[in-house]
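The values are calculated or read from the model by the stated rules, or taken from the named source; none is laboratory data. No experiment lies behind these values; they were computed from the predicted model shown. In this analysis, Cβ positions are derived from the backbone assuming ideal geometry, glycine residues included, and neighbour counts consider all displayed protein chains. Areas reflect the complete protein model, heavy atoms only, side chains present, ligands, DNA and RNA absent. Shrake-Rupley method; radii C 1.70, N 1.55, O 1.52, S 1.80 Å.
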Amino acid sequence: MKGQEELLGQERVLEVRFRWAAGPYLGRFLGQLKEEGVLWAVRCSGCGRILMPPRIVCAVCYTETPMFPNGWFPLSGRGTLVDWERIIYPQMDPETGQLRPEPYIHGTFMLDEGVLFTHYLGPEDLEESRLREGLKVEAVIKDPRERVGKLTDIKYFRILEG
Amino acid sequence: MVDPTIQIVNGRLYGPYHNWYGAVASRFFRELRDNGLILGNRCGSCGKVFLPPRSVCPGCLSDIDEWVELPSIGTLTAYTVVYYSYSDHCQPKQPPYALGIIRLDGADTGLCHLLEEVKFEEIRIGMKVEAVFSRNRKGNILDIAYFKPSF
């Protein structure tokens, strides 16, 4: 009976391990984040815009930016909430193969130095009715022992009361 | 102060998934698992014999429903030796190992599988090889453990 034939399948795992060279700019940025827990930016000497993370060439005016520490400066880690999305769909974390706990909020922040940055909002700020444009936010950085030199060394941004 | 620049960032992609074989490949793997048989199928329109079997002929787009039992002996048509280890999950065994494309006698297509019981430097395109079946068969392609030279 065709309809009763046993159908077979297989549990499989796709796994790819990889390494990438961060280069002198992003590598320094990640190194500063790991060592100091501070975000660094570079100002373009051509058009004056702030590049964060720092890039070798400004994407707007194509001017080469200087190497650390010339033109580099630390950011306060503070800013304001510009936009956010609440993610309710369980998505797989490609690093672990596990589903990310949901819901969580992904925010866009205008940092006080004048550069946009995107990251998560913290678990204490899941209540969407509290969120509004312009709320003051602050980066929450992992403890030095937990930092590995990735953007996830920033745990999340939290909303500063008031 | 020591330059804290991070030179290398380690990354990993990890995705578990379930893969259904479908009706045609399920029959292929059932016969392989239960009876140690290698089944191909023949296109009734153009006569090509496919291994692994396919539900539709890629050449003339006809539905295929004629099954053929193939011998476990064939000819090596291509091979490579893998030295690079890139995953604990996506490689059939720890490198180094040899992979070949084997055209079983009577088939028109090649099956990719491991080559063992042969030194890498003695592998030759055109050599006769035969399938060695696993003792504990589970319904996947490693129910054929590997191919070895056939004398």
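Across region A:84-125, which residue is surrounded by the most Cβ atoms within 10 Å (Cβ to Cβ) among those that are free of Cβ contacts under 8 Å to residues at least 24 places away in the same chain and closer than 30 Å to A:I50 by Cα?
A:Y104
Going through B:F147, B:F133, B:F151, B:F120 one at a time, which residue ends up being in contact (Cβ under 8 Å) with a residue 40 or more places away in the chain and open to solvent by 20 Å² or more (accessible area, probe 1.4 Å)?
Going through B:F147, B:F133, B:F151, B:F120 in turn, the sole match is B:F133.
In region B:3-40, which residues are under 16 Å from the mean Cα position of the chain (by Cα), assigned to a strand (DSSP E or B) and farther than 22 Å from A:Q4 by Cβ?
B:I38, B:G40
Please list, ordered by first then second residue, the pairs with beta carbon atoms under 8 Å, 6 or more apart or interchain, first in region A:58-82 and under 30 Å from A:R130 (Cα atoms), second among the hydroxyl-bearing types (S, T, Y) and assigned to a strand (DSSP E or B).
Correct list of pairs: A:L81/A:T108; A:V82/A:T108.
Given (1) within 12 Å of chain B (Cβ to nearest Cβ); (2) hydrophobic (A, V, I, L, M, F, W, C); (3) under 26 Å from A:T152 (Cβ atoms); (4) surrounded by 12 or more Cβ atoms within 10 Å (Cβ to Cβ), where does A:A41 come up short, assuming only one miss?
In the conditions (1) within 12 Å of chain B (Cβ to nearest Cβ); (2) hydrophobic (A, V, I, L, M, F, W, C); (3) under 26 Å from A:T152 (Cβ atoms); (4) surrounded by 12 or more Cβ atoms within 10 Å (Cβ to Cβ), A:A41 misses (1) alone.
For region B:66-90, what are the residues that are open to solvent by 20 Å² or more (accessible area, probe 1.4 Å) and at pLDDT below 95?
Matches in region B:66-90: B:Y84, B:S85, B:Y86, B:D88, B:H89, B:C90.
Do we have any residue at all in region A:1-15 that's away from chain B (no Cβ under 12 Å) and crowded, with 17+ Cβ neighbours inside 10 Å?
No: zero hits.
Just one of the numbered conditions (1) open to solvent by 40 Å² or more (accessible area, probe 1.4 Å); (2) at pLDDT 95 or above; (3) within 14 Å of chain A (Cβ to nearest Cβ) is not true of B:I8; which one?
All conditions pass for B:I8, except number (2).
Scanning region A:66-98 for residues that are at pLDDT 95 or above and part of a loop (DSSP other than H, G, I, E, B), which turns out nearest to the chain's Cα centre (by Cα)?
Taking the candidates together, the pick is A:G77.
Within region A:124-150, how many residues turn out to be within 14 Å of chain B (Cβ to nearest Cβ) and not in a helix (DSSP H, G or I)?
4
Please specify each residue of region A:147-161 satisfying the condition of being more than 16 Å from the chain's Cα centre (by Cα) and open to solvent by 90 Å² or more (accessible area, probe 1.4 Å). Steps first, answer last, please.
We begin by selecting, within region A:147-161, every residue more than 16 Å from the chain's Cα centre (by Cα); these are A:159-161.
Result: A:E161, single match.
Looking only at residues that are surrounded by 13 or more Cβ atoms within 10 Å (Cβ to Cβ) and without any contact (Cβ under 8 Å) to a residue 40 or more places away in the chain in region B:25-40, which one is nearest to the other protein chains (Cβ to nearest Cβ)?
Restricting to residues being surrounded by 13 or more Cβ atoms within 10 Å (Cβ to Cβ) and without any contact (Cβ under 8 Å) to a residue 40 or more places away in the chain, the top hit is B:S26.
What number goes with the only condition from (1) facing chain B (nearest Cβ under 9 Å); (2) in a loop (DSSP other than H, G, I, E, B) that A:R28 does not pass?
All conditions are met except number (2).
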